[in-house]
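S.K.: Can you read through this structure? Questions will come right after.
The values are calculated or read from the model by the stated rules, or taken from the named source; none is laboratory data. Keep in mind it's a predicted model, so treat the numbers as computed, not measured. Cβ atoms come from the backbone with ideal geometry, glycine included; neighbour counts cover every protein chain shown.
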Amino acid sequence: MSWLGQHRVALWLILRRFARTPFSGLLTTLVIGIALSLPVGLYTLIENVKTLTGNVNMAPQITLFLAPNANADSTRQIELKLKESHAIRQFHFIPRDQALHDLLHGAGLADLAAGLAKNPLPDAFEIEPRTLVSAELEHLRDELAKLPKVDFVQLDTLWAQRLGALVRVGDDIALLLAALLGFALAAVTGNTIRLQILSRRDEIEIGKLVGATDAFIRRPFLYHGAAQGLSGGLAAWAIVSLGLYFLNPGVNELAQLYGAHFRPQSPDPDVMLGLLLASSLLGWIGAFLSVGRHLRQIEPGR
C-alpha cells in the first residue's frame with residue numbers, strides 16, 4: 001500500500017471510530033473546549049482592555065493648582081522654581097480663563113459660561129516629570145505642594161501605569177494558564193487513546209502477527225489525537241465567541257452611560273488559527289506519548 005493510501009485508511013478508521021461513539025467524543029471535545037476557552041477568554045479580555053487604554057497617555061503628569069489670591073508675581077516665582085528643578089522635564093502654564101473655556105467646550109456646556117458670575121477655576125501648571133518611579137513622583141508632588149501660593153498638587157495618570165502593570169500581569173497569567181491547560185489537553189487525549197488501545201488489544205496483536213509495523217498501528221491513533229485536539233480548539237473558539245455575543249449588549253449599555261461606544265472584539269483570525277494549530281499539536285503529542293508507551297507492552301503471545 002502506498003504512503004498516501006496508508007494515511008487514507010487511517011483517516012477512514014478515525015471517522016468510523018467517531019461515528020461509533022459520538023457521545024463520548026462530543027463529551028471529550030466539550031471538556032477540552034471548556035479548558036482551552038479559559039486562557040483564550042482571558043487573552044481576549046486583556047486585548048480588549050488594551051484597546052480601551054490604547055489612546056490613554058501612560059506617562060505620569062502633575063497638575064499644580066495656584067491659590068485664588070495668587071498674582072502675576074507669585075506665578076513668575078513658581079515658574080522660576082519649576083525651571084530650576086532637575087526632576088521636571090517640561091511644563092506649561094494654563095490660565096484660568098483658558099481652563100474654563102476648555103472645560104465648557106469640551107463637555108458641550110458653552111452656554112453655561114454666560115450664567116457664571118465669576119470663573120471658579122484657578123490658574124494651573126501642567127508638569128511632565130522625568131521619572132516614572134512612584135516613590136519619586138510622590139516626593140516631587142510633596143515638594144511642589146510646599147511652594148508659596150500653591151493650593152493643591154495632583155498626580156495624574158498614575159492609575160494608567162497601574163492599569164498597564166495589571167495588564168502585563170494578566171498576560172503572564174494567561175500564558176501560564178495556557179501552558180497548564182495545554183498539558184491537561186495532552187493528558188486527556190493520552191487517556192482517551194489509552195482506553196482505545198486497551199479496547200483494541202486483540203486487533204493490535206493480530207495486526208502485529210500478520211506483519212503490521214508499529215508505525216502503521218500508531219498512525220490512526222495519532223490522527224485521532226490530532227482530530228480530538230482540533231475539535232476541542234473549535235469548541236473553545238465557539239465558547240468564546242458565544243460569550244462575547246451575550247456580553248456585547250451589557251457592555252454597550254455600560255459604555256453608553258459614560259458617553260462612549262465600545263464593542264468587545266473577538267480574537268484576531270491569526271490568534272484563532274494559532275489556537276487550532278496548538279490544540280491539534282497537543283492532541284497529537286498526547287496520543288504519541290500514550291500509544292508509544294502501550295504499544296511496547298502489547299506483543300503477540302504475551
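S.K.: Among the residues that make up the stretch 86-96, is at least one of them of a type in the set (S, T, N, Q), on the phi < 0 side of the Ramachandran plot, modelled with pLDDT of 90 or more and under 44 Å from the mean Cα position of the chain (by Cα)? Outline the logic, then answer.
M.R.: So the first thing to find is which residues in the stretch 86-96 are of a type in the set (S, T, N, Q), and the list is 90.
If we keep only those that are on the phi < 0 side of the Ramachandran plot as well, we get 90.
Checking which are modelled with pLDDT of 90 or more leaves us with 90.
The next check asks that each one be under 44 Å from the mean Cα position of the chain (by Cα); those that pass are 90.
Yes, the stretch 86-96 has at least one match.
S.K.: Something else about it: Which ones in the stretch 169-198 are touching a Ser or Thr at 6+ places or on another chain (Cβ under 8 Å) and under 12 Å from L282 (Cβ atoms)? If you could, list the steps in order and put the result at the bottom.
M.R.: Filtering the stretch 169-198 for residues touching a Ser or Thr at 6+ places or on another chain (Cβ under 8 Å) gives 185, 188-194, 197.
Correct list: L185, V188, T189, G190.
S.K.: Related question: Answer yes if at least one residue in the stretch 107-117 is modelled with pLDDT of 80 or more and either in a loop (DSSP other than H, G, I, E, B) or polar (S, T, N, Q) (or both), and no otherwise. Break it down stepwise before answering.
M.R.: Going residue by residue through the stretch 107-117, those that are modelled with pLDDT of 80 or more are none.
Among the residues of the stretch 107-117, not one is modelled with pLDDT of 80 or more and either in a loop (DSSP other than H, G, I, E, B) or polar (S, T, N, Q) (or both), which makes the answer no.
S.K.: Taking I239 as the residue in question, decide whether it is in a helix (DSSP H, G or I) and either modelled with pLDDT under 80 or outside the structural domain of L27 (by TED's automatic domain parsing) (or both).
M.R.: Numbers: in a helix (DSSP H, G or I): yes; either modelled with pLDDT under 80 or outside the structural domain of L27 (by TED's automatic domain parsing) (or both): no.
No: the conditions fail for I239.
S.K.: Scan the stretch 251-275 residue by residue and report those that are part of a helix (DSSP H, G or I) and either within 30 Å of T213 (Cα to Cα) or modelled with pLDDT under 80 (or both). Spell out the reasoning first.
M.R.: Narrowing the stretch 251-275 to residues part of a helix (DSSP H, G or I): 251-257, 269-275.
Answer for the stretch 251-275, where residues must be part of a helix (DSSP H, G or I) and either within 30 Å of T213 (Cα to Cα) or modelled with pLDDT under 80 (or both): V251, N252, E253, L254, A255, Q256, L257.
S.K.: Taking the stretch 175-214 as the search range and keeping residues that are polar (S, T, N, Q) and either free of Cβ contacts under 8 Å to residues at least 60 places away in the same chain or farther than 29 Å from V40 by Cα (or both), which one is surrounded by the most Cβ atoms within 10 Å (Cβ to Cβ)? Reasoning before the result, please.
M.R.: Looking only at the stretch 175-214, we keep the residues that are polar (S, T, N, Q), and these are 189, 191-192, 196, 199, 213.
Then drop every residue that is not either free of Cβ contacts under 8 Å to residues at least 60 places away in the same chain or farther than 29 Å from V40 by Cα (or both), which leaves 196, 199, 213.
Working: Q196: 19, S199: 9, T213: 10.
The selected residue is Q196.
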